[in-house]
C-alpha cells in the first residue's frame, strides 16, 4: 500500500541485537507499533496508526477486551486509530476521555501500555457494541528513540519438540 508508506519506520537494530518479527515497539508515551521485518542490522516497524496494525486492548480499569486498529491518515495531522467492540455501558466524553491500554491478549504487548484516549463512543455497525476514534500521542510524529521488547524466553513454534 504505497499511500501509507509513512506508517512505518526503520530502526537501526536488527538480528544483530536479537530482534525478531512480531516484537512490540514502545516509547515513553506507550505503544509505537510492531516489528514486521528484520534484517541483519535494521528492522522495519509498522506504526500503531497504520491501517495494517491491529491489537487487543481494553479501557483502563475495565478488563473486557476491545479491538484497536489504525486507520488511514489524512496527511500528517495528529495520528488516530479506531476502537471497536466496546461494551454499551462505557461512556466517554471530552471532559473525561477513556484511556485505551494494551492487554496481555495476543501475547505481544504487556498489559497497561498507553495506546490513546477516546472522547466519544457511538453504536457500532451491529448495534450490539460501540466504536470510536482513538487519539494517539502526538509525539508519535517526532519519535527520536524507541524500545523493542525482546522476550527473555521466546517461544519457538518451528522446532521439533521431543
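What follows is calculated from the coordinates using simple rules that are stated; it is not laboratory data. Only a predicted model underlies this, so the values are computations on that prediction, with no experimental measurement involved. Quick reminder, even Gly has a Cβ in these numbers, built from the backbone with ideal geometry, and neighbours come from all protein chains shown.
Annotations
- Taking 0.36 nm per residue of separation and subtracting the Cα-Cα distance, full extension of the segment from residue 17 to residue 149 would add 46.4 nm.
- Among 138, 13, sorting on how many other beta-carbon atoms sit within 10 Å of each Cβ, with the fewest leading, yields 138, 13.
- Sorted ascending by nearby beta carbons within 10 Å, beginning with the fewest, 20, 133, 103 become 20, 133, 103.
- FRET efficiency, 1/(1 + (r/R0)^6) with R0 22 Å, evaluated for residue 74 and residue 122 via beta carbons: 0.65
- Placing R0 at 45 angstrom, the Cβ-Cβ distance between residue 96 and residue 44 gives a FRET efficiency of 0.75 after rounding to 0.05.
- Global form of segment 2-149, assessed from the alpha-carbon gyration tensor, a/c cut-off 1.5: prolate
- Cβ-based exposure ranking for 27, 59, in which fewest neighbours within 10 Å come first: 27, 59
- Residue ranges 33-41, 112-120 sort as 112-120, 33-41 when ordered by packing (mean number of other C-beta atoms within 10 Å per residue, highest first).
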